[in-house]
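Peer 1: Sending over a structure as structure tokens; questions will come in a sec.
Bear in mind these aren't lab numbers, they're just calculated from the coordinates by the rules spelled out. Everything numeric here is computed off the predicted structure, so don't read it as measured data. Note that we place each Cβ from the backbone using ideal geometry, even for glycine, and neighbour counts take in every protein chain shown.
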Amino acid sequence: MNPLQEHLAHLTRRTFFGDVSRGIGTIALGSLLHPEVLHAAQDRPRIGLAGFPHFAPKAKRVLCLFQSGGMSHIDLFDDKPMLHKHAGQELPPSVKGTQRLTGMTSNQSAYPVVPPLKAGKRCGKNGLWISDLLPHLQTIADDICLVKSLHTESINHDPGVTFMNTGNQLPGYASMGAWVSYGLGTENANFPAFIAMVSQGTGKNPGQPIFSRLWGSGFLPSSHQGVGLRPGKNPVLYLENPPGISGGQRRELLDDLAKLNQLRAAELGDPETLTRIKAYEMAYRMQSSVPELSDISGESKATLEAYGPEVHKPGSYAANCLLARRLLQRDVRFVQLFHRGWDQHIAISRQLPNQCQDIDQPTAALIKDLKQSGLLEDTLVVFATEFGRTVFSQGKLGDPGMGRDHHGRSFTVWLAGGGVQGGIEYGATDDFCYNIAENPVHIRDLHATILHCLGIDHTRFTHKFRGLNVRLTGVEEAHVVKGILS
């Protein structure tokens, strides 16, 4: 059967009318895609949805520093006197309750309390407790807001990471960055609106896998998916022209290809065909923008030293932090760094200090760099993880192989910059850092707050999928955490 006839034979009434409406838009777009018009419009940023933002934003862009594996809130941000008083003793049943545990600790015969591995200090004007494992982060205490009452239903990594990054524990949903790109578009036509980078830490190595779907577009148009930057000389594959092909020849090839895709789009009305045109054009522009981004030779010696010795190692967390600042300077809307290695089930006394050393100096340098340049004022920084760790030991207490298990009932993240107060704590856990005692914040609430800082009302930000008006914040109630807003 002719492909067009086959396509029409399978059309439902709803799909037919949807395709017709898209086809009208396709015809209009086709009239604008003559090469001379297209080239003139290439420098124009892609705007977002009509009517967005809903109100004046405090943040124009987002930087998400995602610590993958489940960072220990107890060891780093949430010390309590009771942990030291009951060190080595059984966690009271009234505290532990009937919480669902993972298979790694559910059959343990004992659950002894383990206080933080290292001392900490009260930092900044308001005395935020931060572990001595993070001496550089201690110096930016007045710039960050510790949210100590996050909670999630997830107790395993993949659903937990997926939930934090997409608002749903199941794969197939759009990521945070894709939602932001979809709503607000980009202010720089030479870069994608959403860029992601991955680094491997020295804690657990290898860490939990990071899948590209975590920066995917799900059911949103695929032009809003994140672009992953790789370490090394070719951050994005296939950007370079093949041997023997000049820039002018590549331009002519893309023009001809665009014409063919326009014809195909007009024939079938498939919006993904138009997305393909946009992708080719973005790749063409990135041929010059990405190499310029990766060239850090113009950075001062003082700046490079501030990020630490690994800043010159491509793909390291330090190098990615510097690239993140350079991307934010270029008005990339959403930048996300994934750093693996926080899953300290075993040997936490060795793994956790190593992991902290990876991120401490670069993270503090990044915040100071953004603040010094004025970017922190309208950039929302989110330092997050999928869940916390248990206050009781996994394995025999005192054993060098002892660790901590997953804990979704309470954990800590912090935010800084665009629209968030610095130097404060929000929410609190009980005396054993196990249950939330004050101001609970669900992952949905965190997502609603991120969108709010960008000027977006999460209840009005939807996309039709499987007959539902789907939101990043899901179908259950979510609240903006107003207590942390400036």
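Peer 1: Spelling out what I want: for every residue of segment 399-404, take phi, set θ = phi - 60°, compute 6.51 cos²θ - 1.76 cosθ + 1.60 (Karplus), and round to whole Hz; glycine and proline get x.
Peer 2: 6, x, x, 5, x, 10
Peer 1: E305 to N107: extension gain in nm, 0.36 nm per residue of separation minus the Cα-Cα distance? Show your work: numbers first, answer last.
Peer 2: On the way: separation 198, 0.36 × 198 = 71.28 nm, distance 4.77 nm.
This chain segment gains 66.5 nm when fully extended.
Peer 1: Also, quick follow-up: Nothing charged except the Cβ atoms of Lys and Arg (+1) and of Asp and Glu (-1): what's the magnitude of the dipole of the chain about its Cα centre? Round to the nearest 20 debye. Intermediate results must be reported in sequence, preceding the final value.
Peer 2: Numbers: 48 positive and 45 negative charges, 50 e Å.
It works out to roughly 240 debye.
Peer 1: Just going by the charge dipole of segment 317-467, with Lys and Arg at +1 and Asp and Glu at -1 on Cβ, which of H452, T462, T385 is farthest out on the positive end?
Peer 2: The residue sitting farthest along the positive end of the dipole is T462.
Peer 1: Averaged over all directions, how much area does the convex hull of the C-alpha atoms of segment 248-387 cover when projected, in nm²? Mind showing how you got there, number by number?
Peer 2: Values: hull surface 50.8 nm².
With the hull built on Cα positions only, its mean projection is 12.7 nm².
Peer 1: Let me spell out the model: positive unit charges on the Cβ of Lys and Arg, negative unit charges on the Cβ of Asp and Glu, origin at the Cα centre of segment 395-460. What dipole size does that give, in debye rounded to 20?
Peer 2: Working: 5 positive and 8 negative charges, 49 e Å.
Charge dipole of segment 395-460: 240 debye, to the nearest 20.
Peer 1: By how many nm would the segment from A50 to N469 grow when fully extended, if each residue of separation counts as 0.36 nm and the alpha-carbon distance is taken off?
Peer 2: Gain on extension, A50 to N469, equals 149.1 nm.
Peer 1: Computed from these coordinates, which is Cα Rg over 2.2 N^0.38 Å: (1) 1.04; (2) 1.33; (3) 0.95?
Peer 2: Of the labelled values, this structure produces (1).
Peer 1: Here is a further query. Residue-wise, which Karplus ³J(HN,Hα) couplings in Hz belong to segment 435-447, taking 6.51 cos²θ - 1.76 cosθ + 1.60, θ = phi - 60°, and x for glycine or proline?
Peer 2: Rounded to whole hertz, the list is 10, 7, 9, 7, 6, x, 10, 7, 4, 4, 5, 4, 4.
Peer 1: Roughly what angle does helix 317-329 make with the longest principal axis of the chain, taking Cα atoms, 0 to 90 degrees, to the nearest 10?
Peer 2: It works out to around 50 degrees.
Peer 1: Something else about it: For segment 315-430, give the magnitude of the charge dipole about the Cα centre (Cβ charges: +1 Lys/Arg, -1 Asp/Glu; no others), in debye to the nearest 20. Intermediate values should be presented prior to the final figure.
Peer 2: Working: 12 positive and 12 negative charges, 48 e Å.
My answer is approximately 240 debye.
Peer 1: Still on this structure, I have one more. Please list, in chain and number order, the residues 5+ apart from G315 or on another chain whose amide H is under 5 Å from its amide H, with Hs placed from the backbone.
Peer 2: Those qualifying (amide H under 5 Å, at least 5 residues apart or on another chain) are G232, N320.
Peer 1: Next question, about the same structure. Among G177, Y317, I74, which residue has its Cα furthest toward the positive end of the charge dipole of the chain, with +1 on Lys/Arg Cβ and -1 on Asp/Glu Cβ?
Peer 2: Toward the positive end, the furthest listed residue is G177.
Peer 1: Report the Cα centroid-to-centroid distance between segment 164-208 and segment 211-233 in angstrom, as an integer.
Peer 2: Taking the Cα centre of each part, segment 164-208 and segment 211-233 sit 7 Å apart.
Peer 1: Suppose R0 equals 56 Å; then what is the FRET efficiency for K482 and K233 from their Cβ-Cβ distance, rounded to the nearest 0.05?
Peer 2: With R0 = 56 Å, the Cβ-Cβ based efficiency is 0.75.
Peer 1: Pairs of alpha-carbon atoms within less than 8 angstrom and 6+ residues apart define the contacts here; what relative contact order does the chain have, in percent? Display every interim value, and only then the final one.
Peer 2: On the way: 983 pairs, mean separation 138.8, N = 486.
In percent, rounded to a whole number, it is 29.
Peer 1: So, one more: Pairing the Cα long axis of helix 348-373 with the longest principal axis of the chain, what angle in degrees results, from 0 to 90 and rounded to the nearest 10?
Peer 2: So the inclination is approximately 50 degrees.
Peer 1: May I ask you to sort E153, E310 by Cβ crowding, counting other Cβ atoms within 10 Å and putting the fewest first?
Peer 2: Details: E153 14, E310 19.
Going from sparsest to densest Cβ surroundings: E153, E310.
Peer 1: Now for a different question. Tell me, R213, R350 in order of fewest to most beta-carbon neighbours within 10 Å? Mind showing how you got there, number by number?
Peer 2: Numbers: R213 17, R350 14.
Fewest to most other Cβ atoms nearby, the residues stand as R350, R213.
Peer 1: Also: Going by how many other beta carbons lie within 10 Å of each one, how would you line up H73, H86, fewest first? Show your work: numbers first, answer last.
Peer 2: Numbers: H73 25, H86 20.
Exposure proxy ranking, most exposed first: H86, H73.
Peer 1: List the residues, sorted by chain then number, that are 5 or more residues from V227 or on another chain and whose placed amide H is less than 5 Å from its amide H.
Peer 2: For V227, whose amide H was placed from the backbone, the distant partners under 5 Å are F194, I195, A196.
Peer 1: Among the lysines, which have Cα under 16 Å from the Cα of K148 when same-chain residues fewer than 8 positions away are ignored?
Peer 2: K80, K482
Peer 1: Using amide H atoms built 1.01 Å from N in the peptide plane, name the residues 5+ places from V470, or on other chains, whose amide H lies under 5 Å from its own.
Peer 2: Long-range HN contacts for V470: H463, K464, F465.
Peer 1: Of I424, L370, H406, which is farthest towards the positive pole of segment 355-424's charge dipole, taken about the Cα centre with +1 and -1 on the beta-carbons of Lys, Arg and Asp, Glu respectively?
Peer 2: Value computed over the given set: H406.
Peer 1: Under the classification rounded if a/c is under 1.5, otherwise prolate if a/b is larger than b/c and oblate if not, where does segment 181-298 fall, given a ≥ b ≥ c as square roots of the Cα gyration tensor eigenvalues?
Peer 2: Working: a/c = 2.17, a/b = 1.35, b/c = 1.62.
Here segment 181-298 falls in the oblate category.
Peer 1: Turning to a different aspect of this structure: What 222 nm value per residue comes from the helices of the chain, counting each DSSP H run with n ≥ 4 as -39,500 (n - 2.57) and dividing by all residues, nearest 500 deg cm²/dmol?
Peer 2: Working: 15 runs with 172 residues, N = 486.
Per the formula, -11000 deg cm²/dmol.
Peer 1: Please turn the phi angles of segment 106-114 into ³J(HN,Hα) values with the Karplus equation 6.51 cos²θ - 1.76 cosθ + 1.60 (θ = phi - 60°), one per residue in order, whole Hz, x for glycine and proline.
Peer 2: Rounded to whole hertz, the list is 5, 9, 5, 7, 8, 9, x, 6, 10.
Peer 1: Continuing with the same structure: When DSSP assigns beta bridges and you keep just the ones with both residues in the chain, what percent turn out antiparallel, to the nearest 5?
Peer 2: On the way: 25 of 52 bridges.
Percent antiparallel among DSSP bridges in the chain is about 50.
Peer 1: Oh, and also: Say R0 is 25 Å: what FRET efficiency, to the nearest 0.05, do D331 and E240 get from their beta-carbon distance?
Peer 2: Details: r = 25 Å, r/R0 = 1.00.
E(calc), rounded to 0.05, equals 0.50.
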